[in-house]
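One structure below.
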Amino acid sequence: MPRYIGLKVGVIEFLFIFIILTSAFGNVGASKPYWIRQGVYFKYTAKGEHSVVLELPNGTIYTGEYGVFTWRIIEVSREYITVNASLEAYNLTMSYQRILSPKEGLKKAMELIKKYSRLNLTKSGSCSIGTSKNEMIRICEDEKAVVVSIRSKDYMYGIYVKKEKEAVENFLLLRKIPKMTKSITFNVSLKDNSVLYKGKRIGMNTLFLLDLNVKGKVVMEEWHIKDVRELNATVHARFREFKPPIILVTTNFYKNASNFALYDPATGILIEGYMIVSPVWKLFGFEKVAFSDKEHFKKTKEPVTKSKDIYGFGMVLEDTNAFYFKKDKLENVGIPIDSLLILILSLSVFLVVAYERIKARRMGK
């Protein structure tokens, strides 16, 4: 009988310890920065000629003079936050250069030649030159290559085909596109800081960092965090100054030293930086996004890694309400109902253990 009672007490003690440990470690994964709450937003801008570059998977590139990137928390749960992000770009030009197969390039070139052959073109050597409405056409052809170029007040187009070897197609829109807008809603995990879209993990979130120990972590596909270090510098964002230390993060995305991003270690938020690769751009439908503030950066007189005063060099934090929230005082922190139930259960098991111990001692006597 005493052996049975001892075994029973041991099992109860194990359950008690297991419940306590489960409770303790279960709450660790749910921790989050104090500023994460519904309605918090961040606005970043880049200003100046060619300050915004947006590249599509097909090679089309949009270049703008002003860019705005905003993200806002619209819902908070224990495991993740729901975020709506929007991107606006203004005064855009559009261009592309595409490498075609010789066969495809020759087919396109011959279709254009056929289209414009009915015009009264002027012959000049191996080339034919003429106009059609507001277009100027130039067609050059010999046994080695075919070149077709078209220019109007709105665009320039050209295709070059070196027969049986290579073909290149170019386009430049001369007329400005006033505005482009993109918007997407996704989730960010508060456990591993990953971006989730329709339940699928897209990559690592880089809008803020939950953990500064991210060197070597994969952001997306073959792109990873190359280096993380501390800078003794003051960063002058449009929102306010951020005093040292500042966390500098680089990735291998552009394969050069300009791929910087600066973070505030106290909150983990992105202050400014050339666009380190982000899954958000994929959700927008872009292959690459580069914000490069031309106006603000002119004030920086030394290289970013050596300067004591850094001004915006990528997309710069212009506005946020995150810093208006204060850390809750201890008396305002409520106990979650599941934690309260676990605590009551743990105390109940503890009392049972104590009772069984006393009972075992008495019976042993």
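The values are calculated or read from the model by the stated rules, or taken from the named source; none is laboratory data. A quick note: this is a predicted structure, and the numbers were derived from the prediction, not measured. Cβ coordinates were reconstructed from backbone atoms using ideal geometry, including for glycine residues, and neighbour counts include every protein chain displayed. Ligands, DNA and RNA are stripped out before the accessible areas are found, and what is left, the full protein with its side chains, is counted by its heavy atoms. Shrake-Rupley method; radii C 1.70, N 1.55, O 1.52, S 1.80 Å.
Out of 82, 70, report the one residue that is part of a strand (DSSP E or B) and either surrounded by fewer than 17 Cβ atoms within 10 Å (Cβ to Cβ) or at pLDDT below 95 (or both). Steps first, answer last, please.
Numbers: 70 fails: either surrounded by fewer than 17 Cβ atoms within 10 Å (Cβ to Cβ) or at pLDDT below 95 (or both).
Only one candidate qualifies: 82.
Select from region 98-128 the residues that are more than 44 Å from the chain's Cα centre (by Cα) and part of a loop (DSSP other than H, G, I, E, B) and write down the one among them that is nearest to residue 141 (Cα to Cα).
126
Could you run through region 217-240 and say how many residues are assigned to a loop (DSSP other than H, G, I, E, B), over 18 Å from the mean Cα position of the chain (by Cα) and within 19 Å of residue 205 (Cα to Cα)?
Filtering region 217-240 down to residues assigned to a loop (DSSP other than H, G, I, E, B) leaves 217, 221-222, 232-233, 237-240.
Still in the running and over 18 Å from the mean Cα position of the chain (by Cα): 232-233, 237-240.
Still in the list and also within 19 Å of residue 205 (Cα to Cα): none.
Adding up the residues that qualify gives 0.
Being at pLDDT 90 or above, of a type outside the set (A, V, I, L, M, F, W, C), assigned to a strand (DSSP E or B) and open to solvent by less than 20 Å² (accessible area, probe 1.4 Å), is that true of even one residue in region 241-262?
no
Determine whether residue 87 is open to solvent by 10 Å² or more (accessible area, probe 1.4 Å), in contact (Cβ under 8 Å) with a residue 12 or more places away in the chain and under 17 Å from the mean Cα position of the chain (by Cα). First the steps, then the outcome.
Values: open to solvent by 10 Å² or more (accessible area, probe 1.4 Å): no; in contact (Cβ under 8 Å) with a residue 12 or more places away in the chain: yes; under 17 Å from the mean Cα position of the chain (by Cα): yes.
It is false that residue 87 is open to solvent by 10 Å² or more (accessible area, probe 1.4 Å), in contact (Cβ under 8 Å) with a residue 12 or more places away in the chain and under 17 Å from the mean Cα position of the chain (by Cα).
Go through region 90-115 and report how many residues are within 18 Å of residue 174 (Cα to Cα) and open to solvent by less than 20 Å² (accessible area, probe 1.4 Å).
1
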